[in-house]
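Q: Please read through the structure below; I'll follow up with questions.
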Amino acid sequence: TYVYGPAAEWMDLESIMDEMRDAQTDPADARRYFFNQVERLADSLIDVRDWRALGDAEELAPGSFITLGFDGGRFDDSTALVACRIEDGKLFHVATWERPDNAPEGWAAPASEVDAEVHRMMTTHDVWRLYGDPPYWQDEMAAWAQEWPETVHEWWTNRERAMTTAMERVLTAVRGGTMRHDGNLTLERHVGNCRRKVVRSGVLPRKEAPKSPKKIDAAVAAILAYEARADAVAAGAKPRVKRARRHYGF
């Protein structure tokens with residue numbers, strides 16, 4: 001009533017409030033359309049303030065039942081690995097390899113370090129699925145799939161309909177306040193760098209410009225980890241039961 005003044009008498013305020021509270025409604029859009037407030041950049045994908053409010057510094061406990069998301073370029077874009085706890089959908093940043101500002105020509109993400117980190121996660125935790133975008137990492141992903149054939153799966157982010165569905169899942173969770181994450185600043189920065197690309201089937205994440213130094217790969221890895229978690233829930237996935245050692249007395 002205060003915002004609309006005399007016009008409130010003929011406006012359906014209850015319907016407006018219902019639309020504002022709907023998890024499908026972008027909070028920035030609601031503030032802009034209903035309160036005439038200037039908000040974030042029009043093409044920002046997620047308001048970093050909304051993202052930051054969902055974080056806390058909890059660490060991922062060894063043996064956690066998780067999914068992994070992997071995304072990255074090899075030479076210019078950064079490469080990232082993000083985990084999602086299946087129990088509650090909380091995201092945990094694992095590692096991001098970014099091209100240093102003073103990197104020599106021909107710099108590439110350290111494949112041996114990436115491989116070692118994937119192996120560490122696979123052996124430290126109970127990983128149900130790793131969804132990875134394979135371009136530039138085909139050989140590594142093939143090797144991981146050979147070692148963990150039921151766990152490692154290619155997930156091509158250039159599939160528009162599949163990617164918009166995965167993106168909408170994340171946006172709904174952020175707007176509804178149901179997503180949690182570990183507060184990692186690299187992941188926050190990559191989320192904040194994401195711009196909105198509207199396509200026929202929905203919304204996609206994009207960089208502000210193709211050659212922009214503001215990378216988004218950790219955000220994309222988080223989307224893949226969250227999508228893998230949704231598939232785990234839909235499949236009724238359960239943690240692997242470790243066999244107890246038998247003790248024999250003589």
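The values are calculated or read from the model by the stated rules, or taken from the named source; none is laboratory data. Model, not experiment: these values are computed from the prediction. Methodologically, a virtual Cβ is constructed for each residue, glycine included, from the backbone with ideal geometry; neighbour enumeration extends over all protein chains shown. Only protein heavy atoms, including side chains, enter the accessible area calculation; ligands, DNA and RNA are left aside. Shrake-Rupley method; radii C 1.70, N 1.55, O 1.52, S 1.80 Å.
Q: For region 219-250, name all the residues that are at pLDDT below 95 and small (Gly, Ala, Ser).
A: Correct list: Ala244, Gly249.
Q: Inspect region 141-156 for any residue being touching a helix residue (DSSP H, G or I) at 6+ places or on another chain (Cβ under 6 Å), among the hydroxyl-bearing types (Ser, Thr, Tyr) and modelled with pLDDT of 95 or more and give the result as yes or no.
A: no
Q: Can you report the number of residues in region 182-218 which are of a type in the set (A, V, I, L, M, F, W, C), open to solvent by 20 Å² or more (accessible area, probe 1.4 Å) and free of Cβ contacts under 8 Å to residues at least 40 places away in the same chain?
A: Residues meeting the conditions: 4.
Q: Here is a further query. Would you check which residues across region 171-181 are part of a loop (DSSP other than H, G, I, E, B) and either open to solvent by 30 Å² or more (accessible area, probe 1.4 Å) or of a type in the set (Lys, Arg) (or both) and list them?
A: If the condition is that a residue be part of a loop (DSSP other than H, G, I, E, B) and either open to solvent by 30 Å² or more (accessible area, probe 1.4 Å) or of a type in the set (Lys, Arg) (or both), then Gly176, Gly177, Thr178, Arg180 are the ones that fit.
Q: If you don't mind, another one. Which residues, taken from region 77-98, are in contact (Cβ under 8 Å) with a residue 24 or more places away in the chain and not hydrophobic (A, V, I, L, M, F, W, C)?
A: Residues satisfying the conditions are Asp77, Ser78, Thr79, Arg85, Asp88, Gly89, Lys90, His93, Thr96, Glu98.
Q: Give me the strands (runs of 3 or more DSSP E) completely within region 67-170, filtered to those with at least 1 residues that are touching an Asp or Glu at 6+ places or on another chain (Cβ under 9 Å), open to solvent by 10 Å² or more (accessible area, probe 1.4 Å) and closer than 29 Å to Arg196 by Cα, ordered by residue number.
A: By residue number, 91-97, 126-132, 152-154.
Q: Could you list, in sequence order, the residues of region 48-66 that are exposed (fewer than 12 other Cβ atoms within 10 Å of the Cβ) and under 14 Å from Asp182 (Cα atoms)?
A: Answer for region 48-66, where residues must be exposed (fewer than 12 other Cβ atoms within 10 Å of the Cβ) and under 14 Å from Asp182 (Cα atoms): Ala53, Asp56, Ala57, Glu59, Ala61.
Q: Right, here's the next one. Of Ala228, Ala221, Ala232, which residue is assigned to a helix (DSSP H, G or I) and either open to solvent by 40 Å² or more (accessible area, probe 1.4 Å) or in contact with a helix residue (DSSP H, G or I) (Cβ under 9 Å, 6 or more places away or on another chain) (or both)?
A: Sole residue among the options that is assigned to a helix (DSSP H, G or I) and either open to solvent by 40 Å² or more (accessible area, probe 1.4 Å) or in contact with a helix residue (DSSP H, G or I) (Cβ under 9 Å, 6 or more places away or on another chain) (or both): Ala221.
Q: I'm trying to understand the selection: among the residues of region 199-218, which are outside any helix (DSSP H, G or I), modelled with pLDDT of 95 or more and either in contact with a Cys (Cβ under 6 Å, 6 or more places away or on another chain) or among the aliphatic types (A, V, I, L, M) (or both)?
A: Correct list: Val199, Val203, Leu204, Pro205, Ile216.
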